[in-house]
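K.L.:
Dumping the structure here so I can ask a few things about it.
The values are calculated or read from the model by the stated rules, or taken from the named source; none is laboratory data. Bear in mind that the values here come from a model prediction, so they are computed numbers and not experimental data. Cβ placement follows ideal geometry from the backbone for every residue including glycine, while neighbour counts extend to all protein chains displayed.
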Amino acid sequence: MFKCLSPGTIGIRGATLSDTIELARKTGFGGVALDIREANALVKAHSLGYVSELFESAGVLPGTWGMPVVWNQGREEWERDLSELPELAALAYDLGCTRTATWCPPASDERNFDENYAWHVERFRPIAEVLRDHGCRFGIEFIGPKTSRTGMKYPFIHTLTGMMNLAEDIGTGNVGLLLDAWHLYTSGGDVADLDTITEEDVVLLHVNDAPAGVAADDQIDTIRRLPMETGVSDLPALMRKLKEMGYTGPVVPEPFSQRVNEIAATDPLAAATLAAGTMNQLWEESGLG
């Protein structure tokens, strides 16, 4: 496993790939999350070697990339982005960055469960097929908080088991989880749930903590804490379990913290340093060295 910096998750806006790599180098993150379209533009303007050297010279890995297909909008947008995905997935493979992910809404006002399930399989399967054909894996995140479903007409997938069922029904063999500690906790799950999956099922890991003094069912998705900040979520147990399973991929802090966002708005290095400190604490208390 390696610590992976995703600027947007700690409130850093407008950072280029070069900026992100330099922040990771300065603060001790072993990898970064990248915008694959930006990387593709750099390759076209310079070369693949140029982009690879950005990582190699800094000693930083390309860890993961955000799914560039707008799958949850109209068919025209989905098909347009899908047509561009082979080129982007091929580049990701050439960079050694074979993990990409997205999220799945936990409820709908338009489609009942069965209709929504079929719709998501239809939208996700072609994406997964392209990724499979280019040696890439596809993680899908379930959204756990009960408050994210409140007021919606039709509940949808919001647990680890439910998302693994969807991954199996997509049927391409390269679909698994974007596993987020926050969503595991707020869905009512725990580390024992990982006994039902394997390392191959975990494409990407997000870590964070929850506000203290708030019941799990009352937690709000956009109000979280840095890893290890409150101890509500037993992150060391989760990390030890993933190590036992053989997970070697990126671990991204995703606190959605107003405090961190405010720091990042004026001092991105300070925000990255703060996040790195909590990740170092997580590594130490998990016995990961």
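K.L.:
Quick one: count up the residues across segment 4-41 that are among the hydroxyl-bearing types (Ser, Thr, Tyr) and surrounded by 15 or more Cβ atoms within 10 Å (Cβ to Cβ). Reasoning before the result, please.
P.N.:
Looking only at segment 4-41, we keep the residues that are among the hydroxyl-bearing types (Ser, Thr, Tyr), and these are 6, 9, 16, 18, 20, 27.
Filter again for surrounded by 15 or more Cβ atoms within 10 Å (Cβ to Cβ), leaving 6, 9, 20, 27.
Final tally of qualifying residues: 4.
K.L.:
Something else: Could you count how many residues in segment 133-154 are farther than 23 Å from Thr9 by Cα and crowded, with 17+ Cβ neighbours inside 10 Å?
P.N.:
Taking segment 133-154 first, the residues farther than 23 Å from Thr9 by Cα are 133-135, 150-154.
Checking which are crowded, with 17+ Cβ neighbours inside 10 Å leaves us with 134.
Of the residues in that region, 1 qualify.
K.L.:
Find the residue count for segment 63-79, including only residues that are out of contact with any Gly (no Cβ under 6 Å at 6 or more places or on another chain) and either within 23 Å of Ala33 (Cα to Cα) or surrounded by 14 or more Cβ atoms within 10 Å (Cβ to Cβ) (or both). Working first, answer last.
P.N.:
To start, the set of residues in segment 63-79 that are out of contact with any Gly (no Cβ under 6 Å at 6 or more places or on another chain) comprises 64-79.
Adding the requirement that they be either within 23 Å of Ala33 (Cα to Cα) or surrounded by 14 or more Cβ atoms within 10 Å (Cβ to Cβ) (or both) leaves 64-72, 78.
So the answer is 10.
K.L.:
Select from segment 221-234 the residues that are under 22 Å from Gln281 (Cβ atoms) and polar (S, T, N, Q) and write down the one among them that is surrounded by the most Cβ atoms within 10 Å (Cβ to Cβ). Please lay out each step first, then the result.
P.N.:
Filtering segment 221-234 down to residues under 22 Å from Gln281 (Cβ atoms) leaves 223-234.
Filter once more, so that each one left must be polar (S, T, N, Q): 230, 233.
Numbers: Thr230: 15, Ser233: 24.
Once the filter is applied, the top-ranked residue is Ser233.
K.L.:
Does Glu141 satisfy being in a strand (DSSP E or B) and under 16 Å from Trp71 (Cα atoms)?
P.N.:
Numbers: in a strand (DSSP E or B): yes; under 16 Å from Trp71 (Cα atoms): yes.
In short, yes.
K.L.:
Do we have any residue at all in segment 105-120 that's among the acidic types (Asp, Glu) and either closer than 21 Å to Tyr93 by Cβ or touching a residue at least 60 places away in the same chain (Cβ under 8 Å) (or both)? Break it down stepwise before answering.
P.N.:
Keep residues of segment 105-120 that are among the acidic types (Asp, Glu), which gives 109-110, 114-115.
Now restrict to residues that are either closer than 21 Å to Tyr93 by Cβ or touching a residue at least 60 places away in the same chain (Cβ under 8 Å) (or both): none.
Checking segment 105-120: not a single residue is among the acidic types (Asp, Glu) and either closer than 21 Å to Tyr93 by Cβ or touching a residue at least 60 places away in the same chain (Cβ under 8 Å) (or both).
K.L.:
Also, I was wondering about something else. Taking segment 98-119 as the search range and keeping residues that are under 21 Å from Ser187 (Cβ atoms) and buried (at least 22 other Cβ atoms within 10 Å of the Cβ), which one is farthest from the chain's Cα centre (by Cα)?
P.N.:
The residue in question is Pro106.
K.L.:
Among the residues of segment 186-243, write down those that are in contact with a Gly (Cβ under 9 Å, 6 or more places away or on another chain), within 18 Å of Met1 (Cα to Cα) and of a type in the set (D, E, K, R).
P.N.:
Across segment 186-243, the qualifying residues are Glu199, Glu200, Asp201, Arg240, Lys243.
K.L.:
Would you confirm whether or not segment 142-156 contains a residue that is under 23 Å from Cys97 (Cα atoms) and either touching a Gly at 6+ places or on another chain (Cβ under 9 Å) or of a type in the set (A, V, I, L, M, F, W, C) (or both)?
P.N.:
Of segment 142-156, the ones under 23 Å from Cys97 (Cα atoms) are 142.
Remaining after also requiring either touching a Gly at 6+ places or on another chain (Cβ under 9 Å) or of a type in the set (A, V, I, L, M, F, W, C) (or both): 142.
Yes: segment 142-156 contains one or more residues that are under 23 Å from Cys97 (Cα atoms) and either touching a Gly at 6+ places or on another chain (Cβ under 9 Å) or of a type in the set (A, V, I, L, M, F, W, C) (or both).
K.L.:
Which one is farthest from Ala33 (Cα to Cα) among residues in segment 150-174 that are outside any loop (DSSP other than H, G, I, E, B) and of a type outside the set (A, V, I, L, M)?
P.N.:
Result: Tyr154.
K.L.:
Does Thr100 satisfy the criteria of being touching a Phe, Trp or Tyr at 6+ places or on another chain (Cβ under 9 Å) and at pLDDT 95 or above? Full working, then the answer.
P.N.:
Working: touching a Phe, Trp or Tyr at 6+ places or on another chain (Cβ under 9 Å): yes; at pLDDT 95 or above: yes.
Yes: the conditions hold for Thr100.
K.L.:
For segment 244-255, how many residues meet the condition of being surrounded by 15 or more Cβ atoms within 10 Å (Cβ to Cβ) and either at pLDDT below 95 or assigned to a helix (DSSP H, G or I) (or both)? First the steps, then the outcome.
P.N.:
So in segment 244-255, the residues surrounded by 15 or more Cβ atoms within 10 Å (Cβ to Cβ) come out as 245, 247, 249-255.
Within this subset, residues satisfying the condition of being either at pLDDT below 95 or assigned to a helix (DSSP H, G or I) (or both) are 245.
Total satisfying the criteria: 1.
K.L.:
Within the bounds of segment 167-181, is there any residue that is among the hydrophobic types (A, V, I, L, M, F, W, C), under 30 Å from Glu229 (Cβ atoms) and over 16 Å from the mean Cα position of the chain (by Cα)? So that I can check it myself, show each step before the final result.
P.N.:
So the first thing to find is which residues in segment 167-181 are among the hydrophobic types (A, V, I, L, M, F, W, C), and the list is 167, 170, 175, 177-179, 181.
Then keep just the ones that are under 30 Å from Glu229 (Cβ atoms); that gives 177-179, 181.
Then keep just the ones that are over 16 Å from the mean Cα position of the chain (by Cα); that gives none.
Scanning segment 167-181, I find no residue that is among the hydrophobic types (A, V, I, L, M, F, W, C), under 30 Å from Glu229 (Cβ atoms) and over 16 Å from the mean Cα position of the chain (by Cα), so the answer is no.
K.L.:
Of everything in segment 197-220 that's assigned to a loop (DSSP other than H, G, I, E, B) and of a type outside the set (S, T, N, Q), which residue is surrounded by the most Cβ atoms within 10 Å (Cβ to Cβ)?
P.N.:
Applying the filter and picking the extreme gives Ala210.
Condition check ((1) of a type outside the set (S, T, N, Q); (2) touching a helix residue (DSSP H, G or I) at 6+ places or on another chain (Cβ under 8 Å); (3) assigned to a helix (DSSP H, G or I)) across all residues:
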{"site": "Gly176", "(1), (2), (3)": "yes, yes, no"}
{"site": "Asp195", "(1), (2), (3)": "yes, no, yes"}
{"site": "Thr222", "(1), (2), (3)": "no, no, no"}
{"site": "Ser233", "(1), (2), (3)": "no, yes, no"}
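K.L.:
Moving on. Keeping to segment 1-47, report how many residues are β-branched (Val, Ile, Thr), within 26 Å of Ser286 (Cα to Cα) and under 16 Å from the mean Cα position of the chain (by Cα).
P.N.:
3
K.L.:
Could I ask something else about it? Would you please list the contacts, defined by Cβ atoms under 7 Å and residues six or more apart or on different chains, that run from a residue in segment 40-68 that is at positive phi to a residue that is modelled with pLDDT of 95 or more?
P.N.:
Gly59/Arg25
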